[in-house]
Amino acid sequence: MTEGDGRLRALLIAPPGAGKGTQAERLSTHFGVSHISTGDVFRRDVAEGTKLGRQVGEYLDRGDLVPDGVVGEVVRQEVMRALRETGGYLLDGFPRTVPQAESAYALALELGITAHGVLTYVVPRAVLLERLLGRGSEDGRTDDEAATIRHRLDVYDAQTAPLLDYYDQRGLLIPIDADRPVDDVTADSIAALERALAAGSPVSS
Ligand code: AMP
């Protein structure tokens with residue numbers, strides 16, 4: 001069963017440093033949908049000193065994942081808002097664990113809005129390390145210091161990479177070689193998402 005209509009609903013799963021923030025911004029603009037970045041939501045709340053910010057600040061500083069329950073609530077609100085405002089979304093940085101993926105799927109089924117596709121960016125670890133070390137010195141992100149960077153890559157391998165199999169088995173995974181110029185990655189991502197959108201989302205896979 002497919003839904004051939006509507007705006008794009010897609011997920012972007014990639015290790016730190018793969019360029020997912022930049023690409024998600026471009027892709028959401030191209031498709032006219034909301035860009036939901038859980039990392040951006042958390043960083044904004046930390047900067048503003050909100051209750052959520054005080055809850056998650058230490059996790060971000062250590063490069064650990066915020067507990068699934070906290071993330072789930074944020075995503076539910078952001079997805080509901082995205083559907084009201086643009087009718088679609090590009091989720092950047094969520095899900096990051098198998099339980100998050102399962103609860104995202106349950107929510108999507110409940111709302112009748114399962115995703116059209118799941119992009120993943122493939123970049124060698126040595127390239128990620130080099131990019132992240134450069135980014136830390138440029139914009140001073142507190143989670144972009146050498147030891148934290150290595151830890152975040154390890155957390156990705158241990159907790160997030162297993163999701164790729166989960167989505168592959170559901171026929172949703174779209175791997176993109178992201179060790180290439182940014183514009184090439186954008187072009188391939190757009191082409192792949194156009195195809196996924198045209199095919200419609202598998203509702204009961
Ligand atoms: P990002 O900007 O996507 O690299 O996220 C920055 C940080 O926010 C991560 O290192 C985590 O501490 C936290 N974070 C963002 N998204 C999630 C998520 N889906 N689950 C748990 N923690 C998250």
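The values are calculated or read from the model by the stated rules, or taken from the named source; none is laboratory data. Keep in mind that what you see is a predicted model, and the values were worked out from it rather than measured. Please note: Cβ atoms are built from the backbone with ideal geometry, for glycine as well, and neighbour counts cover all protein chains shown. In case anyone asks, the SASA skips ligands and DNA or RNA and just uses the protein heavy atoms, side chains included. Shrake-Rupley method; radii C 1.70, N 1.55, O 1.52, S 1.80 Å.
What the table shows:
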| item | result |
| --- | --- |
| Filtered residue count, region 150-205, keeping only those that are touching a residue at least 40 places away in the same chain (Cβ under 8 Å), among the polar types (S, T, N, Q) and in a helix (DSSP H, G or I) | 4 |
| Among (1) modelled with pLDDT of 95 or more; (2) under 21 Å from Phe42 (Cβ atoms) - the single one Val79 does not satisfy | (1) |
| Only one of His30, His35 that is under 14 Å from the mean Cα position of the chain (by Cα) and either open to solvent by 30 Å² or more (accessible area, probe 1.4 Å) or not hydrophobic (A, V, I, L, M, F, W, C) (or both) | His35 |
| So Arg43, is it within 16 Å of the chain's Cα centre (by Cα), within 21 Å of Arg152 (Cα to Cα) and either among the hydroxyl-bearing types (Ser, Thr, Tyr) or open to solvent by 50 Å² or more (accessible area, probe 1.4 Å) (or both) | yes |
| Any pair with Cβ under 9 angstrom, 6 or more apart, that starts in region 55-76 at a residue that is more than 15 Å from Thr148 (Cβ to Cβ) and of a type in the set (Gly, Ala, Ser) and ends at one that is within 8 Å of the ligand (Cβ to nearest atom) and part of a helix (DSSP H, G or I) | Gly72/Gln100 |
| Candidates Leu65, Leu111, Leu52, Leu60, filtered to the one that is modelled with pLDDT under 90 and open to solvent by 20 Å² or more (accessible area, probe 1.4 Å) | Leu111 |
| Residue in region 89-100 that is more than 14 Å from the chain's Cα centre (by Cα) and of a type in the set (Gly, Ala, Ser) present | no |
| Test: residue in region 118-125 that is within 27 Å of Gly72 (Cα to Cα) and surrounded by fewer than 20 Cβ atoms within 10 Å (Cβ to Cβ) | yes |
